[in-house]
Amino acid sequence: MIRYDTQEAAEFRERLLQRVRADVTACYQCGNCSAGCPAAFTFDYAPNQVMRMLQVGLVDEVLKSSAVQLCVQCLTCTARCPRNIDVAGIFEDLKMVAVARDVQVPEDAAVFNRVFLENVARYGRLAEAFMLLRYNMLSKHFLNDAELGLPMLTKGKVEVLPKKAAGADEVGRIYRKAMGRAKEKAS
Ligand code: SF4
Ligand code: SF4
């Protein structure tokens with residue numbers, strides 16, 4: 001476990017700096033990133049808290065946090081940071097590191113992300129009903145959103161049987177290549 005201001009924590013910050021060209025030590029905790037974050041109400045740690053945790057070396061806690069998994073990459077934090085820190089880039093990078101290290105993440109986020117990406121890689125687009133069914137089965141929330149999904153299915157708003165979009169195989173190849181690169185980058 002990486003803790004506090006150890007050599008390992010300093011090395012992690014350095015790797016982060018190289019990967020996303022954003023230096024967490026430049027953060028002076030103004031809180032602008034958290035004030036503008038539309039998803040912070042779902043996070044266990046607000047974006048500025050994540051930055052502070054990275055400064056002091058609480059890397060494992062950050063990687064396990066729901067904040068990293070539930071960030072929607074809207075880039076508001078990056079746009080608002082007076083220190084020009086790419087907070088969103090840091091969140092994205094941390095998510096890749098968590099996947100590469102097989103970190104146990106909360107909120108079934110890993111299941112959701114995997115099912116979403118595999119769905120797009122396979123069909124070349126999002127096959128909503130199929131993805132929802134697969135997510136509910138793997139996360140064991142069998143009736144999750146059933147009250148929304150069933151009326152949509154009966155009204156023909158979503159397709160039961162997914163169809164491949166044109167170029168789906170190419171999308172799949174891009175996905176596999178990107179995942180390989182992401183793992184390499186995060187290791
Ligand atoms: S906006 Fe920038 S400086 Fe302010 S708390 Fe967030 S990361 Fe730190
Ligand atoms: S990119 Fe993520 S952390 Fe930044 S404001 Fe958007 S949701 Fe919040």
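The values are calculated or read from the model by the stated rules, or taken from the named source; none is laboratory data. These numbers were taken from a predicted model, which means no experiment stands behind them. Neighbour counts run over all protein chains shown; Cβ positions are idealised from the backbone, glycine included. Keep in mind that these areas ignore ligands, DNA and RNA; they rest on the heavy atoms of the full protein, side chains included. Shrake-Rupley method; radii C 1.70, N 1.55, O 1.52, S 1.80 Å.
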(request) Out of 86, 60, report the one residue that is at pLDDT 85 or above and open to solvent by 40 Å² or more (accessible area, probe 1.4 Å). (result) 86
(message) Can you tell me how many residues within region 143-178 are open to solvent by 50 Å² or more (accessible area, probe 1.4 Å), at pLDDT below 80 and within 29 Å of residue 96 (Cα to Cα)?
(response) 2
(message) From the list 107, 92, exactly one residue is modelled with pLDDT under 85 and within 22 Å of residue 42 (Cα to Cα). Which is it?
(response) 107
(message) Any residue in region 75-101 that is more than 21 Å from residue 63 (Cα to Cα) sitting within a Cβ distance under 7 Å of a residue that is away from ligand 2 (no atom under 14 Å from the Cβ) and not in a loop (DSSP other than H, G, I, E, B)? List the pairs, counting only those 6 or more apart or interchain.
(response) 83/26
(request) Please go through region 38-65 and pick out each residue that is in contact with a helix residue (DSSP H, G or I) (Cβ under 7 Å, 6 or more places away or on another chain), within 19 Å of residue 25 (Cβ to Cβ) and of a type in the set (S, T, N, Q). (result) 48, 55
(message) Checking residue 106 against (1) open to solvent by 30 Å² or more (accessible area, probe 1.4 Å); (2) assigned to a loop (DSSP other than H, G, I, E, B); (3) within 16 Å of ligand 1 (Cβ to nearest atom), only one condition comes out false. Which one?
(response) (3)
(request) Please specify each residue of region 12-46 satisfying the condition of being acidic (Asp, Glu) and surrounded by 13 or more Cβ atoms within 10 Å (Cβ to Cβ). (result) 23, 44
(message) Being within 10 Å of ligand 2 (Cβ to nearest atom) and open to solvent by less than 30 Å² (accessible area, probe 1.4 Å) is the filter here; which residues of region 63-83 pass it?
(response) 67, 68, 71, 77, 81
